[in-house]
Amino acid sequence: MSPWLAVVLLGVAITGYAWLMPKTNARDKEKEFESEAAYTQLLEDLETENRELFDAVAKFKREQDETVDKLGRRIVDMEQQMKMWTEQAVSVSVPTEIQSGLQAPAVEALSQSPLPYVAVSLETEAAEMGNDLVAGEIDVPPTTIRGRYPELLEMHDKGRSVEQIAKAMGMNKGEVQLILQLVRREEQQHA
């Protein structure tokens, strides 16, 4: 084959290919435009979702701040109430005849400890001696497990089973077992 013929055939091939190219580019541009529109829509959707998420987080933060403020005010109120109780417990006047009959640790606890349960322990000790304390003292519930569940522990001490205790007390068996375990642990700590 002659070189001129090869050059002419190559030129015809290039021209034919070039003539076909614009048609495929037009299709590609249409597809590109469609994918660009889809991409733009996706970005808009993501931006909308991000704004909603940001608003939700901001709302959650405001709610948490309000909760923290409420709890802070509640703590301040409880501290003031505790201070008031402390002042009441320390200001309880114990008659001298009772003070003379009290054991030394109880009198020392009254003078050193500002906690309200000191007045209750003094009342108990005075009641055992047959004396009455001045009215207006603070009643504090028992702080031990034995003090909270005396009937339950009495039944346990009599040898009743956990099921019998639970039925009599209207409690779950697991609850009764937990209380008994707490009593054992409390007794080990105080022993």
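Every number in this text was worked out from the coordinates using simple rules, so none of it is lab data. The structure displayed is predicted, hence computed values, not measured ones.
Taking 1.306 mPa s as the viscosity and 10 °C as the temperature, the Stokes-Einstein diffusion coefficient of the range 142-191 based on its alpha-carbon Kirkwood radius rounds to 145 µm²/s. A convex hull fitted to the Cα coordinates of the range 29-68 yields 25 cubic angstrom per residue. Relative contact order of the range 142-191: 35 percent, from C-alpha pairs under 8 Å at least 6 residues apart in sequence.
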